[in-house]
Each structure stands twice: as structure tokens, then as C-alpha cells.
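Engineer: One structure coming up, written as C-alpha cells, with questions to follow.
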Amino acid sequence: MTGVRRMFADLTGRAQRRAVEVLAEQLDATVHGVRLAARMTAGELAPAQARAGMVEAEHAGDALRVRLISEISSALTTPIDREDLYRLSRSVDDVLDNVRDFVRENDLYQATPDPADTEAVLAVADGLTHLRRGMDQLIPAPGAVIDSVLAARKCAARVRQHYQNSVAALFDGELSSEMLKRRELLRRLDIVGLRLAESAATLSDAMQKRGH
């Protein structure tokens, strides 16, 4: 894009919208991966099947991160700081990476996915969906973004609560290889929730910098 065309795109707001749209698409790709994990825990997909499906979601997320970096680099202005856009994209990528690992470890450990995890996994999908809604509000109604952030944080808290309750119940049982596998998988799921919380915090920090 030439300098004149780039300036015109910035003046009309198109460059800002493109960056936001790409980040929204990255969130959509991540939600798709999380829902694959939910289908696995619910028993609808075998771990090996979910693992194969995660490859496509991960590739889509990586490609969108590359596009976002290109949009950030070429835009003269952005709706929030470039650094914050990049940090938010990286945090969302961390969510997807850890969901991928959760699915892969279920397969590697030859574990039987626990349906009890489904609610927590879907809480992650809900949290990402709230952040996606925040992206939709970022330009036309920035003051409303904080509501989406708070909703996403509540979803992350649900994941942490599931982890704590599940580990407490696990420790009531006998030590076994299955118990150790379950402990590792629960820890991975907890990390997913922590990365979701980081994504929400990054967006919150960005909005505070802009006075919202």
C-alpha cells in the first residue's frame, strides 16, 4: 500500500477496523479449537481425532497473528496501542497453544477424557466469546468494552474453581498412575484459564490507557 493510500485508509478508519477484524478472527479460530476440546471431554471425539482437528485451528490462529502484525505495522493509527494489540494477540495465541496441549496430552497419556471438564472448557469458549464481543465494541462503543472484559474474567474464575475443586476431590483418592495423569491434565486446563485471564487483563489495561 502506498503512503497516500495508507493515509486515506487511516483517515477513513479502515486501517483500524482491519486490525480489529483480524484479531476478532483470531479469537474465532481459538474458540473453534476450544470447542473441539469440549467435544473431546464430552466423549463426542476421541483424543486422537480432536488432536488432528486442533492442527487446523492452530494453523489458522498462527496465520491470523501474522496478518495482524502486518496490519499493525502498516497502520498509522490503531484503536489501542500497537503493543497492546500485539500482547492481546499473543495472549489469545497462548490460550490456543495450551488448549492444544490439553488435547495432545489426553492423547499421549492415553487418558479417558473426563466429562466433568466439559463445563470448564466451555467456560473458556464463553470467555473468548466475550472478548470477541469486546472487539466488536472497540471502535463504535469503547466504553462498553469493560463489560466484556469483566465477563471474560468471570469465565476464567470458573475454570480456576473447577481446577481447585477437582484437585481437592482427586486428593481424597489413592495414589495411582491414573491419578497422576488426571492431576497433570487438570493443571493444563488451569493454565488455559490463566491465559484467558491474561487476555482479559491485557484488553483492560489497553482501555485504561485510552481513558475508558
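The values are calculated or read from the model by the stated rules, or taken from the named source; none is laboratory data. Since this is a predicted model, take the numbers as computed values, not measurements. Counting neighbours? That spans all protein chains shown, and the Cβs are built from the backbone with ideal geometry, glycine included. SASA here: full protein model, heavy atoms, side chains in, ligands and nucleic acids out. Shrake-Rupley method; radii C 1.70, N 1.55, O 1.52, S 1.80 Å.
Engineer: Roughly speaking, to the nearest percent, how much of the chain's 1.4 Å accessible area is carbon and sulfur? All intermediate terms of the calculation are to be shown ahead of the outcome.
Structural biologist: Numbers: 5320 of 10230 Å².
Heavy-atom surface of the chain belonging to carbon and sulfur, 1.4 Å probe: 52 percent.
Engineer: Over the stretch 38-153, with the other protein chains present, what is the accessible area per residue in square angstrom, probe 1.4 angstrom?
Structural biologist: Solvent-accessible surface per residue comes out at 44 Å².
Engineer: Taking H as built 1.01 Å from N, whose amide H comes closer than 5 Å to the amide H of L45, not counting residues under 5 places away?
Structural biologist: M40
Engineer: Over 19 Å, how big is the tail of the calculated P(r) for the stretch 112-212, in percent of all Cα pairs?
Structural biologist: Result for the distance tail: 47 percent.
Engineer: In addition: Regarding the chain, what are the three Cα extents along the principal axes, ordered largest first, in Å?
Structural biologist: 68, 33, 23
Engineer: If I build a Gaussian network model for the chain, linking alpha-carbon pairs within less than 10 angstrom, which residue out of L27, L108, L85 has the largest mean-square fluctuation?
Structural biologist: Result for the chain, Cα springs under 10 Å: L108 fluctuates most.
Engineer: Further question: Let me check I've understood the local charge: for M54, count other residues with C-beta under 13 angstrom from its C-beta, Lys and Arg +1, Asp and Glu -1. What total comes out?
Structural biologist: With Lys, Arg at +1 and Asp, Glu at -1, the neighbours total -2.
Engineer: In degrees, nearest 10, range 0 to 90: what is the angle between the Cα axis of helix 14-41 and the longest Cα principal axis of the chain?
Structural biologist: Rounded to the nearest ten degrees, it is 10.
Engineer: Now for a different question. The stretch 167-212: percent of C-alpha pairs farther apart than 14 Å? Intermediate values should be presented prior to the final figure.
Structural biologist: On the way: 654 of 1035 pairs.
For the stretch 167-212, the share of Cα pairs beyond 14 Å comes to 63 percent.
Engineer: Take the chain, connect every pair of alpha-carbon atoms lying under 10 Å apart with a spring to form a Gaussian network, then pick out the residue of A123, A156, A63 with the largest mean-square fluctuation.
Structural biologist: Highest fluctuation among the options: A63.
Engineer: Rank Q110, Q137, Q16 by mean-square fluctuation in a GNM of the chain with C-alpha springs under 10 angstrom and give only the top-ranked residue.
Structural biologist: Comparing Q110, Q137, Q16 in a Gaussian network model of the chain, the most mobile one is Q110.
Engineer: Farthest toward the dipole's positive end in the chain, which of L88, L189, M179, given Cβ charges of +1 (Lys, Arg) and -1 (Asp, Glu) about the Cα centre?
Structural biologist: So the residue furthest toward the plus end is L88.
Engineer: Now for a separate question. Restricting to Cα pairs below 8 Å that are 6+ residues apart, what does the relative contact order work out to for the chain? Please round to a whole percent. Please list the in-between numbers first.
Structural biologist: Details: 272 pairs, mean separation 57.1, N = 212.
Normalised by residue count, the contact order of the chain is 27 percent.
Engineer: Could you tell me the center-to-center distance, by alpha carbons, between the stretch 185-212 and the stretch 117-182 in angstrom?
Structural biologist: 10
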